[in-house]
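Student: Got a structure for you, written out below as structure tokens; questions coming shortly.
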Amino acid sequence: MDPADPLVAERMLAYYAGEMRTRADRPLGAERTARVQAFADALTEADTVLEVGCGAGRDGRVLAAGRGRYLGIDLSPEGVAICRTLGLDARVASATALPVADASVDAVWSMSTLMHLDPAAFEQALAEIARVLRPGGVAAVGVWGHEPALAGFDEHGRFFDRRTDAGLRAALERGGAVEVFETWGHDGGHRYQWALVRRG
């Protein structure tokens with residue numbers, strides 16, 4: 001099965017369409033909650049924050065309650081519809097073709113989204129994040145990783161490309177300076193990887 005096959009994307013969208021309402025009420029967990037709150041608290045009135053993979057608005061509610069201006073994008077129409085019922089500015093769009101101008105946002109937040117992309121699309125998404133960030137802007141990226149690297153499909157047909165810590169860090173450094181790189185939730189080789197990247 002090729003992760004770039006359009007049928008893979010269709011299967012992924014169908015899965016999330018079926019569980020998006022449940023996801024909206026699912027707790028974020030202590031680690032993610034602390035980080036999204038700190039990220040939101042650091043926003044100023046002049047900041048524009050873009051969430052890549054807004055899902056059902058769990059992080060978006062926190063980010064939009066900060067002092068910045070918020071825009072969320074997601075491939076899931078169901079997720080975007082839920083976000084809009086929460087009063088969030090959300091649009092259906094792809095991480096590999098962000099619908100915003102060059103150097104137009106101060107901050108990007110993306111959790112548990114980019115790990116579903118094949119290697120070429122992953123690199124394109126990181127290039128898009130770098131493109132839309134203003135010089136000095138910061139991106140927070142979180143994905144599930146694995147030591148050693150592990151790619152494949154789960155029982156629901158979702159593709160995961162779990163990179164090593166070194167592999168993810170090297171990819172992120174192509175778009176800026178990695179200021180923070182942390183992991184948690186270790187279970188065997190699995191771990192959650194979270195980084196803050198500053199664009200030069």
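Student: Would you call L63 in contact with a helix residue (DSSP H, G or I) (Cβ under 6 Å, 6 or more places away or on another chain), surrounded by fewer than 24 Cβ atoms within 10 Å (Cβ to Cβ) and either acidic (D, E) or modelled with pLDDT of 95 or more (or both)?
Tutor: Working: in contact with a helix residue (DSSP H, G or I) (Cβ under 6 Å, 6 or more places away or on another chain): yes; surrounded by fewer than 24 Cβ atoms within 10 Å (Cβ to Cβ): no; either acidic (D, E) or modelled with pLDDT of 95 or more (or both): yes.
In short, no.
Student: Let me ask something additional. Pairs needed: first member in the stretch 157-180, closer than 30 Å to R11 by Cα and in a helix (DSSP H, G or I); second member anywhere, open to solvent by less than 30 Å² (accessible area, probe 1.4 Å) and of a type in the set (D, E, K, R); C-beta distance under 7 Å; at least 6 residues apart or different chains.
Tutor: Once the first residue is closer than 30 Å to R11 by Cα and in a helix (DSSP H, G or I) and sits in the stretch 157-180, no partner that is open to solvent by less than 30 Å² (accessible area, probe 1.4 Å) and of a type in the set (D, E, K, R) comes close enough.
Student: Sticking with this one: Within the stretch 34-49, take every residue that is in a loop (DSSP other than H, G, I, E, B), over 11 Å from A65 (Cα atoms) and among the hydrophobic types (A, V, I, L, M, F, W, C) and give me the one that is farthest from the chain's Cα centre (by Cα).
Tutor: It comes out as A46.
Student: Is there any pair linking a residue in the stretch 4-28 that is within 17 Å of A121 (Cα to Cα) to one that is outside any loop (DSSP other than H, G, I, E, B) and not basic (K, R), with Cβ under 7 Å and at least six apart or on different chains, and which?
Tutor: Matching pairs, first to second residue: V8/F159; M12/H116.
Student: Ok, one more. When the residues of the stretch 93-122 are narrowed to those that are assigned to a helix (DSSP H, G or I) and over 14 Å from the mean Cα position of the chain (by Cα), which ends up surrounded by the fewest Cβ atoms within 10 Å (Cβ to Cβ)?
Tutor: Looking only at the stretch 93-122, we keep the residues that are assigned to a helix (DSSP H, G or I), and these are 114-116, 119-122.
Subsequent filtering for residues that are over 14 Å from the mean Cα position of the chain (by Cα) retains 119-120.
Values: P119: 13, A120: 11.
The qualifying residue surrounded by the fewest Cβ atoms within 10 Å (Cβ to Cβ) is A120.
Student: Ok, one more. Here are some conditions: (1) under 25 Å from A64 (Cβ atoms); (2) in a loop (DSSP other than H, G, I, E, B); (3) open to solvent by less than 20 Å² (accessible area, probe 1.4 Å). A140 meets all but one. Which one does it not meet?
Tutor: That leaves (2) as the condition not met.
Student: Does A40 meet the test of being crowded, with 20+ Cβ neighbours inside 10 Å, of a type in the set (A, V, I, L, M) and touching a Ser or Thr at 6+ places or on another chain (Cβ under 9 Å)?
Tutor: Values: crowded, with 20+ Cβ neighbours inside 10 Å: yes; of a type in the set (A, V, I, L, M): yes; touching a Ser or Thr at 6+ places or on another chain (Cβ under 9 Å): no.
Spelling it out, it is not the case that A40 is crowded, with 20+ Cβ neighbours inside 10 Å, of a type in the set (A, V, I, L, M) and touching a Ser or Thr at 6+ places or on another chain (Cβ under 9 Å).
Student: Turning to a different aspect of this structure: When you go through R11, R26 one by one, which is the residue that is part of a loop (DSSP other than H, G, I, E, B), at pLDDT 80 or above and surrounded by fewer than 20 Cβ atoms within 10 Å (Cβ to Cβ)? Outline the logic, then answer.
Tutor: Numbers: R11 fails: part of a loop (DSSP other than H, G, I, E, B).
Testing whether each residue is part of a loop (DSSP other than H, G, I, E, B), at pLDDT 80 or above and surrounded by fewer than 20 Cβ atoms within 10 Å (Cβ to Cβ) leaves just R26.
Student: Only residues that are within 24 Å of T44 (Cβ to Cβ) and not in a loop (DSSP other than H, G, I, E, B): list them for the stretch 68-92, please.
Tutor: In the first step, residues of the stretch 68-92 are kept if they are within 24 Å of T44 (Cβ to Cβ); the result is 68-73, 83, 86-91.
Scanning the stretch 68-92 gives R69, Y70, L71, G72, I73, C83, A90, R91.
Student: Then there is this: Under the condition of being in a strand (DSSP E or B) and not charged (D, E, K, R), which residue from the stretch 50-67 is nearest to H116 (Cα to Cα)?
Tutor: Let us first name the residues in the stretch 50-67 that are in a strand (DSSP E or B), namely 50-52.
Of the ones still in play, those that are also not charged (D, E, K, R) are 50, 52.
Working: L50: 19, V52: 13 Å.
Checked the stretch 50-67; the qualifying residue nearest to H116 (Cα to Cα) is V52.
The values are calculated or read from the model by the stated rules, or taken from the named source; none is laboratory data. These numbers come from a predicted model, not from an experiment. Quick reminder, even Gly has a Cβ in these numbers, built from the backbone with ideal geometry, and neighbours come from all protein chains shown. Surface areas here come from the heavy atoms of the whole protein model, side chains and all, with no ligands, DNA or RNA. Shrake-Rupley method; radii C 1.70, N 1.55, O 1.52, S 1.80 Å.
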